[in-house]
Structure formats: structure tokens, C-alpha cells
Amino acid sequence: MAPRADLEQTILQVLPELLNARVVWLACSGGLDSTCLLNLFSNYIKNSNLGITLKVVHVDHKLQVDSGSWAKFCADLARAHALDFKLFEVKVPYTPDLGQSIEVWARDQRYTFFEELLNHGDLILLAQHQDDQLETIMQRILRGSGPKGLQGMPARRSIGKGNLLRPWLSLPKKSIVAYAHDQHLNWVEDMSNDDLRFERNVVRAKVLPLLRQHWQGIENRLLHFASLQGKNGKLLRELAQQDLIEARSKHSALLNISALKALSENRLHNALYHYSLEQMERENLAPAPSSVIARIRNEVLFSADDANPVLSYRSANPNFSSVQIRRYQQYLYWLPAFIQPRNNPYELPWQLDSRYPLIQELGVLKVSAQPGEDLSCFQMLVRRRVGGEYVSLPGRTRRPLKQFMQENKIPPWVREQIPLLYLGDELVAIADLYQTTSWPDSWRKKDIKIIWERSVNRCGF
């Protein structure tokens, strides 16, 4: 089969996804692979009159002195194909103290930009091919990755508001090279691809060639291995979902400790690992490495009954939020790390006809009242607890606010952040949990009520 016809088959395989996309973005680095991807898809779409909107995006990582010329090459290439072009330039340069390798940092920068770029219904095409997949699988084997990592790069996945597609993931590099020569294409050569300080380059230049010398068909073996790992990963995920059914509470940030303790050590590890992946996808929390999951079992779940354990961890990836694992009232809490409050309390006025966003992303305060009630003339103060406060509740004696919070099972780490509402120096409400005896009768008659739209996954209750 001719090089062009060989590659055009990959377009036909993903054509339904292209036709359903609002905009199809093509990530172009200027290298051989993405230049071929742009040339092939642009010409096919144009000649077929499919009505597909194709645009080009380039990310300048500022890692090479001539990176600006690469950006210009991609812009000129897009212009030659009459395609819109978008350039993202990394503003914060890479430094080793970021805690990431330069390869991981650059990848994270790209995908962050892609997430910002895509709108609902958008699709982005990446030119990674079968050889890239083999390198990825081998890298992850050498790192000791689990089944999820060992299955390699997915051909398609969601990203931001849109979707990502790798149409050439089953296509060997030699087919792309043949197409490039057949079409007499020019591209940019990235000299860093020969730099053996980078892990992927060592795998490409040293490890895989050595394996090919001693194991015939190693490529198919590795791909088969990755496929098996994908199936194993699905089985483990299904098992985790079964084990988590009993442990889940009505709030996704809480797990029942008794149900978790009933699991074997291996099933507990598997359940917590998959739960951390859920929290990563839902709340952008850093996924828990295996070492952290082992510590959750030993230091949190099975710590002394009267302990108040806290386990914190973070990811080297700055796009993920740091995490705190806590235990309270027989529940395990998986939460974003709280910033310790300042010593001085805040005290801010709140006009009741507006929404009041709380610190720490704990949610928003708002007010409900009788229809037509003008709330613009009502105001109160929002304060944070500092200790020593007392509260008077209807039909009950005056008591310390701390005791009230304990009785209502408000987690200790939230108590310092919970919004207290004052009229002058009088505490009139504890968020939307209770109104004190100081709540004005005129407000009761107008049916004025506080509503705290709290982020359960931040507060934990």
C-alpha cells in the first residue's frame, strides 16, 4: 500500500469523531510526526469537503534557544494550509526545584494549555504513534508502574471540556517517515531527541534496540503485555467499585472506616487507590502513590481510637491540589489540604442581597426570604471562630460554641473556618446550622434564612 493510502486509513477509522466535533485542533510541534499529521488531515478534509473545522495549536516551552523559529515554522505551515493558528507560550521557565523532570514538566505545561483551549465538543489530535507507545510502556515498566500505567497511552480520553485523540497510536514510525518522504515534506529537527540525559531518549536509543536484537517481535509482545494490563486494570477497578459500595457515605469525600477495615490488606489498598483516582478526576486532588496508601492504612485507619490522625501528601505536578487524609467519627475524609488560618480573625460586612463567597473554597452564603422582600437594607458581619465564643440557642442554656460544634459533629478542621454571623457584637447564626436567640424577630417574620451552599468535598459534612 502506498504511504499516503496507508495513513489515510487512519483518518477513516476516526472520521465519525471528526465529524461530530465542533472544532478539531491539531497539536503541531513542527517535528516530523505532527507535520505529517497536519499535512495528511488538512489535505484530506479540504479535498473531501466534509465541513470539518480544523485549527492548529503550538506550545512554545521556551526550552531551546531557537524555539521561536519552531513556532514560526508551525505558524507558516498552518498559513500554507489556510488554517487558523494558536500559539501558547510558557511564561514561567522550568527550574529543577519544581520537583519534576523537564520531560514531565513540559508535558504538564502542554496539557494544561490544551485544557484551557478546548470548549465543549472540541477535539484535539496528537501525532503520537506506535513507537512512542512502546517507549511509554517500557518507561513505565522500568519505573514499576501499576496496571493503569502499564497499559500505555490511551487512544482517546477526555481533557478539559473536550476530548483528545491519538489516531496514529497503532501506526509504526516507519510508515510516517515513508509518507514524509513521499510528500517531500520539511520539518524541524529537535536535537534534544538525541540527548541521553533524558529517560525517553535512552529507552529509544539504547533499551529498545537491545531488546530487538535478542527478542524477535518484541514490539508485539510489549503491546500484548499492555493490552493484558489494561484488562487487569479494568478488573481491579470493578473490584474496587464493589468494595467501595459499603464504604461510601452520602458524601463522596467520606468513607466508612468499619467497612474499609473489613477488607483484606490487598483489597483495601486497591480500593483506596481507585478512590484516589476518583478524587483526582472529581476534585483535581493529587493521586495517592502506593507508599501513601500503605501509610493511610497504618497511620490513619488503624491508629488508636482516641487519635486525631492527619496524613498529608502532594504531587510534584502543580496542577493537582495537595491532599489531607483525616479520620473523624468513624469516617475517613479525603480532602484538599487546608491552609492554616491566620492568627487574626477576619471580619467582613455582608449585604444580604448578594452572595458571599467563603475562604478556603468552603462554599457560598446566600439568603432566602419571602417573595418580593428587599434585602438590600439588611447587613451583618461574617467572622471566623477564634475560640472562647458562647452561643445561646432557643430553649437551651448558654454554652460554649466549641461544645455546640462537637455535639453537631462538625469536623475539627472545619471549626476554625465555619462562618459565624453577627449583628454588632451579637452572634445571631452559625452559618445555616442554627439561629441563636439573638436572631431578630422581624427577620423571622420576613422568613429571612441563611443558606450555606457548602462544598461537601471541602468541608466533609
Point to revise | J(HN,Hα) series, the range 323-332, from Karplus relation 6.51 cos²θ - 1.76 cosθ + 1.60, nearest Hz, glycine and proline x | key: 10, 10, 9, 10, 10, 7, 6, 6, 10, 9
Point to revise | Stokes-Einstein translational diffusion, the range 1-100 - Kirkwood Rh over all Cα pairs, 0.692 mPa s, 37 °C, in µm²/s | key: 219 µm²/s
Practice item. Determine the dipole magnitude for the chain: charges of +1 sit on the beta-carbon of Lys and Arg, -1 on that of Asp and Glu, nothing else is charged, the reference point is the Cα centre, and the result goes in debye to the nearest 20. Key: 1020 debye
Point to revise | Nearest-20 debye value, the range 241-280 charge dipole, Cβ charges on Lys, Arg, Asp, Glu | key: 100 debye
**Study point:** Rounded tilt (10° steps) of 32-48 against the dominant C-alpha axis of the chain
**Key:** 90 degrees
Practice item. Between SER368 and MET153, take the C-beta separation as r, use R0 = 60 Å, and let me know the FRET efficiency to the nearest 0.05. Key: 0.75
Point to revise | Per-peptide average of other Cβ atoms within 10 Å, ordering 368-381, 440-453, 152-165 highest first | key: 152-165, 440-453, 368-381
Exercise for review: Take the alpha-carbon centre of the range 209-243, take the same for the range 112-151, and report the distance between them in whole Å.
Suggested key: 15 Å
Review point. What is the Rg over Rh value, at two decimals, for the range 241-310, using alpha-carbon atoms and the Kirkwood definition of Rh?
Key: 0.94
Revision key, fill the gap. Heavy-atom accessible area of the range 42-181 with neighbours in place, 1.4 angstrom probe: carbon+sulfur share in percent works out to 51 percent
Exercise for review: Keeping all protein chains in place, calculate the accessible area per residue for the chain (probe 1.4 angstrom), answer in Å².
Suggested key: 52 Å²
Revision key, fill the gap. In this structure, among LYS55/LYS234; LYS91/LYS206; LYS55/LYS161, pairs with alpha-carbon gaps over 23 Å are LYS55/LYS234; LYS91/LYS206
Review point. Roughly how big is the range 42-112's charge dipole about its Cα centre, with Cβ charges of +1 (Lys, Arg) and -1 (Asp, Glu), in debye to the nearest 20?
Key: 300 debye
Review point. How far is helix 218-247 tilted, in degrees, relative to the longest principal axis of the Cα atoms in the chain, given as a value from 0 to 90 rounded to the nearest 10?
Key: 10 degrees
Practice item. Report which label in [x] 28.1, 88; [y] 34.8, 109; [z] 23.0, 73 holds the value of Rg and Dmax of the Cα atoms in Å derived from the coordinates of this structure. Key: [x]
Point to revise | Hydrodynamic radius of the range 155-205 per Kirkwood, over alpha carbon pairs, in Å | key: 13.9 Å
Check your understanding: Cross-link partners among lysines for LYS402, C-alpha distance below 26 Å, same-chain residues fewer than 8 apart left out?
Key -> LYS250, LYS366, LYS449
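The values are calculated or read from the model by the stated rules, or taken from the named source; none is laboratory data. Please read these numbers as outputs of a predicted model, since none were measured by experiment. When we count neighbours, we look across all protein chains shown, and the Cβ atoms used for this are built from the backbone with ideal geometry, even at glycine. Note: accessible area is taken over every heavy atom of the protein model, side chains too, but ligands, DNA and RNA are not part of it. Shrake-Rupley method; radii C 1.70, N 1.55, O 1.52, S 1.80 Å.
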